[in-house]
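Take a look at the structure set out below.
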Amino acid sequence: MTASSIFAAEHILFDPAVPDSDAVPLVFAFPNEYSVGITSLGYQVIWAMLAQRQDLAVGRLFTDVADHLPAQPELMGFSVSWELDYINILNLLEQQQIPIRSCDRTQDHPLIFGGGPVLTANPEPFADFFDIVLLGDGEDLIPSFIDTYQLVRTASRLEQLKALAQVPGIYIPSLYQPVYTEPTGPISHVEPVSGVPAIVKKQTYRGNVLLASTVVTEKAAWENIFMVEVVRSCPEMCRFCLASYLTLPFRTASLDDSLVPAIERGLNVTQRLGLLGASVTQHPGFEELLDYINQPTYDDVRLSIASVRTNTVNEKLANTLVNHGTKSITIAVESGSERVREIINKKLATADIERAIVNAKAGGLSSVKLYGMAGIPGETEADLEATATMMLELKKAAKGLRLTLGCSTFVPKAHTPFQWYGVNPQAEKRLKFLQKKLRSQGIDFRPESYNWSVIQTLISRGDRRIGQLLELTRHYGDSLGSYRRAFKELKGQLPPLEFYVYTDWSTEQALPWDHLEGPLSKSTLLKHLESAEVHMDEPRFCNSTPDLKLCSSA
Ligand code: SF4
């Protein structure tokens, strides 16, 4: 397939600007193949925002194709939504003859910027590769970034970076120096160079018009899909959940000003609609939205919903999905144990799960995938037995419905109350236990790779020293063994893998992202940690005596 046939297949749903003669040449890249990148709503929308500005001449770059690449870009940006894509970022930089470390770039190189969920959660492992990191929602951040760059376009690289560092939400890693307690010890603090803000605050968009596709194409991984963002964040605040904690507060798209006009626009060019968001069915007007989609004009529309909260699965929802070509839903239950669900603040009773399964079947769905986790802090072997028992009960409750349990390992994420916990080394054994128990009873069990969870944790809790490790590892392959090999080579220069992955971190200890402010303060996260530990047999951080102050705030 040629690049021209790929781009010719695009239905562009905005009017790109004709660039001014002195427009800033910019490359906006997605560090994966075109089919993956163009399926990212975030990438699509930021590309459209940039391409609608006359003061920019925007080219696109993917790992397999490029479109209108300028010869000498001044800015090059990456939208990063998957941790392991860092390998492709480094490869694309090399391919464009740009040094991979920001400290080796000169005035002749473009400024490399990045944004997206991975970098907003914890940019530190990637800090050496980026000149600029944009933290948070792009709606206001992108315009302030480009406007500020225009003001300092002719200044020296350092002056440009210092000016950009003054913009709320713009993080310039090279202007913040981490200090460690010792070379192989935890971080002590981060020193900002003089004149830059000590804390960079993640930006939050407060409007009620949320994102919608700016391009529809048959070449996307989700062929010809038109995506609309129904909600941003999730009000449930399960204690491990990055999708909720990092993007708070919960915001909903206006039905009249955002969703309906966007859907009308999209369904002019395609018959496939995707409703996106961390908790789509919690939109207060969700019933109305279903009624709108159920009108006869949209009978042929194929509908997908990204996330369905278990206790919102009713017959009407199941029926709407079936009538619009979807036969299956996924619900996240996390555990079959009520106690574990209390630990994580999942406000869900076993009866709710059973009702959802029965409703799914009654509404005509043919399969339900449940999503669980092993190794949740406070989980015991009895809790896994409870998960196995629940699955068997569900099988009985809705005979004929195909049930699958997908299961991952708990991974601690920055800016969540569970950021201090390490991974439970028993998790791998627990996944195997569930596998044996469920498969022998005819339940489809699909564990996610435990090793992949270890790598994810390394990146999600990593500090800046992990950058050199990532550089080494990309030449060894992406297996856990490759990471272990790189740790061996760098012994003495950074803490061991166990420190990042398995160790519970003291709540008194500085965190690699303490200088980057998320939606909630550390003291609030500690309170939420405390509320989780109340349900644990053996709390790891908090004293269980109720009249004592449970957790110390750092
Ligand atoms: S319900 Fe789902 S999206 Fe919402 S906080 Fe819990 S895990 Fe996250």
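The values are calculated or read from the model by the stated rules, or taken from the named source; none is laboratory data. Since the structure is predicted, the reported quantities are computational estimates derived from the model, not experimental observations. For neighbour counting, all protein chains shown are included, and Cβ atoms are generated from backbone atoms with ideal geometry for every residue, glycine included. These accessible areas exclude ligands, DNA and RNA; they are computed on the full protein's heavy atoms, side chains included. Shrake-Rupley method; radii C 1.70, N 1.55, O 1.52, S 1.80 Å.
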With E428, E393, E315, E342 as the choices, which residue is open to solvent by 10 Å² or more (accessible area, probe 1.4 Å) and at pLDDT below 95? E315
Criterion violated by I146 - all others in (1) β-branched (V, I, T); (2) in a helix (DSSP H, G or I); (3) open to solvent by 10 Å² or more (accessible area, probe 1.4 Å) satisfied: (3)
Residue count, region 318-347 (criterion: within 16 Å of the ligand (Cβ to nearest atom) and part of a helix (DSSP H, G or I)): 5
If I filter region 402-434 down to residues being of a type in the set (V, I, T) and assigned to a loop (DSSP other than H, G, I, E, B), which single residue comes out as nearest to K522 (Cα to Cα)? T416
Per-region count, region 442-470, residues over 28 Å from P186 (Cβ atoms) and open to solvent by 10 Å² or more (accessible area, probe 1.4 Å): 5
Does A3 count as of a type outside the set (D, E), crowded, with 19+ Cβ neighbours inside 10 Å and under 29 Å from the mean Cα position of the chain (by Cα)? no
Against the conditions (1) assigned to a loop (DSSP other than H, G, I, E, B); (2) open to solvent by less than 20 Å² (accessible area, probe 1.4 Å); (3) among the polar types (S, T, N, Q), where does S81 fall short? Just the number, please. (2)
Any residue at all in region 52-72 that's part of a loop (DSSP other than H, G, I, E, B), without any contact (Cβ under 8 Å) to a residue 24 or more places away in the chain and out of contact with any Cys (no Cβ under 9 Å at 6 or more places or on another chain)? yes
Top-ranked residue of region 290-306 - restricted to ones that are out of contact with any strand residue (DSSP E or B) (no Cβ under 8 Å at 6 or more places or on another chain) and of a type outside the set (S, T, Y), ranked as most open to solvent (accessible area, probe 1.4 Å): D300
So which of V231, V216, V260 ends up being open to solvent by 10 Å² or more (accessible area, probe 1.4 Å), modelled with pLDDT of 95 or more and in contact with a Phe, Trp or Tyr (Cβ under 8 Å, 6 or more places away or on another chain)? V260
Of all residues in region 6-32, which are among the charged types (D, E, K, R) and surrounded by 16 or more Cβ atoms within 10 Å (Cβ to Cβ)? E10
Any chance L75 is over 23 Å from the mean Cα position of the chain (by Cα) and crowded, with 22+ Cβ neighbours inside 10 Å: yes
Of residues in region 227-249 being part of a loop (DSSP other than H, G, I, E, B), of a type in the set (A, V, I, L, M) and under 23 Å from G378 (Cβ atoms), the one farthest from the ligand (Cβ to nearest atom): L246
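Taking the criterion of being more than 30 Å from G477 (Cβ to Cβ) and either of a type outside the set (F, W, Y) or surrounded by fewer than 22 Cβ atoms within 10 Å (Cβ to Cβ) (or both), would at least one residue in region 84-98 satisfy it?
Scanning region 84-98, I find no residue that is more than 30 Å from G477 (Cβ to Cβ) and either of a type outside the set (F, W, Y) or surrounded by fewer than 22 Cβ atoms within 10 Å (Cβ to Cβ) (or both), so the answer is no.
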Quick one: in region 348-388, of everything that is assigned to a helix (DSSP H, G or I) and of a type in the set (K, R), which residue is surrounded by the most Cβ atoms within 10 Å (Cβ to Cβ)? K361
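Would you call P125 part of a loop (DSSP other than H, G, I, E, B) and either assigned by TED's automatic domain parsing to the domain that holds D55 or surrounded by 15 or more Cβ atoms within 10 Å (Cβ to Cβ) (or both)?
On the way: part of a loop (DSSP other than H, G, I, E, B): no; either assigned by TED's automatic domain parsing to the domain that holds D55 or surrounded by 15 or more Cβ atoms within 10 Å (Cβ to Cβ) (or both): yes.
Answer is no for this residue.
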Enumeration of residues in region 254-280 that are closer than 19 Å to P117 by Cβ and away from the ligand (no atom under 16 Å from the Cβ): G274
Within region 318-339, which residues are in contact with a helix residue (DSSP H, G or I) (Cβ under 8 Å, 6 or more places away or on another chain) and open to solvent by less than 30 Å² (accessible area, probe 1.4 Å)? A318, T320, H324, I329, I331, V333, E334, S335, G336, S337
